[in-house]
1. Which of LYS231/LYS253; LYS96/LYS291; LYS234/LYS356; LYS234/LYS379; LYS234/LYS506; LYS253/LYS338 have a Cα-Cα distance over 21 Å?
2. When you take every Cα atom in segment 4-206, what is the radius of gyration, and what is Dmax, the widest Cα pair distance, in Å?
3. How would you order 265-277, 125-137, 313-325 from highest to lowest mean count of nearby Cβ atoms within 10 Å?
4. Count charges around SER166 for me, please; just the other residues with Cβ under 13 Å from its Cβ, Lys/Arg as +1, Asp/Glu as -1.
5. About its Cα centre, how strong a charge dipole does segment 217-367 have in debye, to the nearest 20, once Lys and Arg get +1 and Asp and Glu get -1 at the Cβ?
6. Given a 1.4 angstrom probe, what's the average accessible area per residue across the chain, in square angstrom?
7. Can you compute the charge dipole magnitude of the chain about its Cα centre, using +1 on each Lys and Arg Cβ and -1 on each Asp and Glu Cβ, nothing else charged? Give it in debye, rounded to the nearest 20.
8. By DSSP, what percent of the beta bridges with both residues in the chain are antiparallel, rounded to the nearest 5?
Amino acid sequence: MIQFEEMGFTPGILKAIKELGFEHPMPVQEKVIPMMLGTENDIIALAQTGTGKTAAFGLPLVLSTDPEMNSTQALILCPTRELCIQITGDLTDYSKHTGDLRILAVYGGSSIENQIRELKKGVHIIVATPGRLIDLIGRRAARLNNVHTVVLDEADEMLNMGFLDSINEILEEVPEGRRTLLFSATMSPEIGSIARKYMNSPSEITIGTKNSSAENVSHNYYLVHARDKYKVLKRIADFEPDIYGIVFCRTRKETQEVASNLINDGYDADALHGDLSQSQRDAVMQKFRQKNLQILVATDVAARGLDVDDLTHVINYSLPDDPEIYTHRSGRTGRAGKTGISIALVHLKEKNNLNKIERLIKKAFKPLPIPTGTEICEKQLFNWAAKIENVTTGHKEIEKYIPGIKERFENLDREELLRRVVTLEFERFLGDYRHGEDLIAPVPEKALRQEGRNGKRSRDNKDGDYTRLFINRGKSDGFYPEQLIDLINQNTRGTKVPIGRIDLMKDFSFFEVGSDHADMLIRALHNKQYMDNRLVLQKAQEKTERNNRTNEFRGKRSSQRPEKRRSDKRQKAERHYYN
Ligand code: AMP
């Protein structure tokens, strides 16, 4: 592995690298820096934010810019004002010990006169959003005729934001012999066309796999009823007391509603969306960066400018239509070598979107059970206990009260005292969960349809009727008759449960049990944790309702969705008889 010291940086730059605490180059830096310093090639680097790409282009830029020359030598284009400020700050850090290198951020929404004044003083590196730079070029304040390097950072985001024309216009202004670097999280035909038009046989570097999400992010989902989304979000927040995450919503209205509900319910949360003024948005981002907020509820557009490295969670309150937006969202966690968790709250109709995303990121989403009230209280309680274990004691102001308090509890032994303290604390956590409402994942519609097709009249067993039950485990979970029978035996010790026909489908199954045992079995198994997820065990639909549903679905599907019908055939039952 090549080290920074071997890359040809000056002692001043190496000193800055050391002060920033960078010990070894990150993969994007290992690849880009030697290419920038050792060749003249144009470069396309496919890398997500958080991979260290700013230093990958920034350190060589600082090295190749001459502070003695009074002209703009490098130009960095990026999509948002926040990113502009961030890159400028990073470059300023890298050049701390490198003479008087002047780096200026120019972006819309702030005084153009000040920016013109600064440009007139002479700027070596301009970091700009495309729209504002065009204005400055038009006013002859930004002169690009000595630029030797252009960096297009987050090129895909710039295109998403409609900057294609501005980028074209700017690239026409820069000398042809310059070097161009393009950084993007994803490769798209539009990016390919910029590359063909403005780049000279670029070398392509990919960090991680193309169009895939960061390696260390786990992708999970909760299947929820649409009406339960907010409640499930709260449970996630309660189950993860140290959460520091962004909740992505689709619209400004939804963003504001979710944030307001969280605030009303006592969470450290706030909203970030386009209906807020720039100064309100700045204030929210500042609070979030300083960790005065644990949960930021945001739209994709508003969150673009926010760069935070140590998010624990990204939550998709609503999934985006475009799977690539999902990769941008989830790429905000799991940065700089840390692990991250991406969660999607999906109702049945949205499940299709998950499949599209899985194909893009080449990873499967893991279904998670909605935490129960008891599990949440338990987690909170142990989290609280860990805090007690780790608290620093010895504050003078507190010490003086200790003797009085000790005296007061003299007659309580240690265990009783603990019991009382824990009871008080537990009561506090119990809040919403007191009444034990459990949020149950919906049953896939295709399961009901399947049941319609398979649901013949229950046969008799020798002791009476059978009742047909639905269970949310199928062959794709490795769930076969052996597993079903084990599961039943282990949870009904001492009782012999008659089992009839078993119909195994890919994602779920139906089976018959002696009717006298059905309710007992549902009580024993429903909601129980099994194979990484909570079981749903319930009676299959009644015959009449079932037939109606079947007809309804059949009618609808044969006229409107013939292709779906074909795929349903694949959910063919594997049938077993045990009686
Ligand atoms: P970026 O992708 O440029 O936004 O960088 C992500 C984070 O990684 C930033 O906080 C950088 O300060 C940090 N970083 C960049 N390079 C290194 C390195 N070589 N070692 C450790 N951290 C780094």
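The values are calculated or read from the model by the stated rules, or taken from the named source; none is laboratory data. Everything quoted here is computed from the prediction, not taken from an experiment. In this analysis, Cβ positions are derived from the backbone assuming ideal geometry, glycine residues included, and neighbour counts consider all displayed protein chains. Just so you know, the surface numbers come from the protein's heavy atoms only, side chains and all, with ligands and any DNA or RNA stripped out. Shrake-Rupley method; radii C 1.70, N 1.55, O 1.52, S 1.80 Å.
1. Values: LYS231/LYS253 18 Å; LYS96/LYS291 27 Å; LYS234/LYS356 27 Å; LYS234/LYS379 14 Å; LYS234/LYS506 31 Å; LYS253/LYS338 32 Å.
LYS96/LYS291; LYS234/LYS356; LYS234/LYS506; LYS253/LYS338, as the Cα separations exceed 21 Å there.
2. Cα only, segment 4-206: 15.7, 43 Å (Rg, Dmax).
3. Working: 265-277: 17.3, 125-137: 21.9, 313-325: 19.6.
The packing order, highest mean first, is 125-137, 313-325, 265-277.
4. Numbers: positive: ARG132; negative: ASP135, ASP165, GLU169, GLU172, GLU173.
Cβ neighbours under 13 Å give a net charge of -4.
5. Values: 24 positive and 20 negative charges, 93 e Å.
The dipole magnitude comes to about 440 debye.
6. Values: 29130 Å² over 579 residues.
Ligands and nucleic acids excluded, the figure is 50 Å² per residue.
7. On the way: 86 positive and 83 negative charges, 537 e Å.
That gives a dipole near 2580 debye.
8. Details: 21 of 71 bridges.
Antiparallel bridges make up about 30 percent of those DSSP assigns within the chain.
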